[in-house]
Amino acid sequence: MIATSFFSFVLLATAAVAAPKGRLAERLARRAEGAHQSRPMVVEQPELSNVSQVSYSSNWAGAVWEKSSGTFKSVTGTFTVPKPSAPSGGSGSYSASAWVGIDGDTCGNAILQTGVDFTIDGGSVSYDAWYEWYPDYAYDFSGISFSAGDTVKLTVTASSTTAGKAVIENVSTGKTVSKSITSSSALCEENAEWIVEDYEEGSSLVPFANFGTVTFSGASASTGSGSTGPSGATIIDIQQNGKTLTSVSTSSNSVTVKYV
C-alpha cells in the first residue's frame, strides 16, 4: 500500500478455513478477477496538536515509522489470529486485515507487504494470506490455512530497492509460505509499519469487521545499523463517519490494535 498523506488500503488473499458461500464466495471470485488492489491510506483528520504522534485514518490502524531514505530493510511481527464478528447490530459480510510492510507513508512510490485477512459472512469465517508489492496487485498464498487462535509470524525483507521477500509462518501448524518479489517501482526504505486495515474492494471500503484485539508481538524493523521496535512510532487510529473504531498502543516490542 502507499500513502496519499500516509498509507494505504490492503487487499485480499487466500486459504480459507471454512468453505466460502454467499457474499463471501462472491467476494473471493471478485478478488480472483483482480478486483482488489492496495490503495493509499486516507487521512481522516490532521494530527492533533495536543496528542503526541497520533493520526487518524479511515482505513489504517497501527504504528508507522518515518525515517530517512534507505533506513528500513526488514519488518516483522507475530500475532494471534482473531475470530472476527459482525459489529453490534450488523449483518452480512465484514472483513479486516493484519499486515506488516515497508514504505507507503512518506514514500509513495511503492510498498512491500504481507498479511492475513479475516472475514465473517453470516456464520462462515475465512482467513486469507497474501503478499504484495504496490502498485501491483496483491497475490494469494496457497498451501497455508489458519484457525482462530493460531500464532502467525509475518516478515517482509528488502534485499534491494527493487527486490524482496514476503514470508508468512503459521507457527501453530509449522507451515511456512514465502515469495521472492521484484518490481520496477523502487522502495525508499524509509517507512516501517504494523497495521490492521479496513481494505478496499472495487472503489469502496469493505464493511469493517469487529476483530477484537490484534497484538503484533516481537515487532521490530531492521535497519542498516541494527533494529528498532515500535515505541515512538506514529500511532494511527481508524475513524469513520466521525466515530473512532480502534484504539492503538505500542511498547518497545509490540503494537496492540483494539476494535472499540
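The values are calculated or read from the model by the stated rules, or taken from the named source; none is laboratory data. Because the structure is predicted, anything quoted here is derived from the model rather than measured. Note that each Cβ is placed from the backbone with ideal geometry, even for glycine, and that neighbours are counted across all protein chains shown.
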Exercise for review: Considering each of V260, V171, V206 in turn, give the residue that is out of contact with any helix residue (DSSP H, G or I) (no Cβ under 6 Å at 6 or more places or on another chain), closer than 27 Å to S126 by Cα and surrounded by 15 or more Cβ atoms within 10 Å (Cβ to Cβ).
Suggested key: V206
Check your understanding: Given the conditions (1) closer than 23 Å to K67 by Cβ; (2) part of a loop (DSSP other than H, G, I, E, B); (3) in contact (Cβ under 8 Å) with a residue 24 or more places away in the chain, which single one is not true for T173?
Key -> (1)
Check your understanding: under 16 Å from G101 (Cβ atoms) and part of a loop (DSSP other than H, G, I, E, B), is that true of S185?
Key -> yes
**Study point:** Flag if V156 is within 15 Å of the chain's Cα centre (by Cα) and either over 30 Å from A86 (Cβ atoms) or surrounded by fewer than 19 Cβ atoms within 10 Å (Cβ to Cβ) (or both)
**Key:** yes
Check your understanding: Condition test on I120, is it closer than 14 Å to I195 by Cα, in contact (Cβ under 8 Å) with a residue 40 or more places away in the chain and of a type outside the set (K, R)?
Key -> no
Check your understanding: Pairs, please: C-beta under 8 Å, at least 6 apart or cross-chain, first residue closer than 20 Å to T151 by Cα and in the stretch 74-92, second of a type in the set (D, E, K, R)?
Key -> V75/E193; T76/K153; G77/K153; T78/K153; T80/D150; V81/D150
Practice item. Please work out which residue is surrounded by the fewest Cβ atoms within 10 Å (Cβ to Cβ), limiting yourself to the stretch 209-257 and to residues that are farther than 30 Å from G89 by Cα and among the aliphatic types (A, V, I, L, M). Key: A233
**Study point:** strands (runs of 3 or more DSSP E) contained entirely in the stretch 83-159, each with at least 3 residues that are modelled with pLDDT of 95 or more
**Key:** 93-102, 111-121, 124-134
Check your understanding: Taking A163, is it surrounded by fewer than 19 Cβ atoms within 10 Å (Cβ to Cβ) and either in contact (Cβ under 8 Å) with a residue 12 or more places away in the chain or within 22 Å of K73 (Cβ to Cβ) (or both)?
Key -> yes
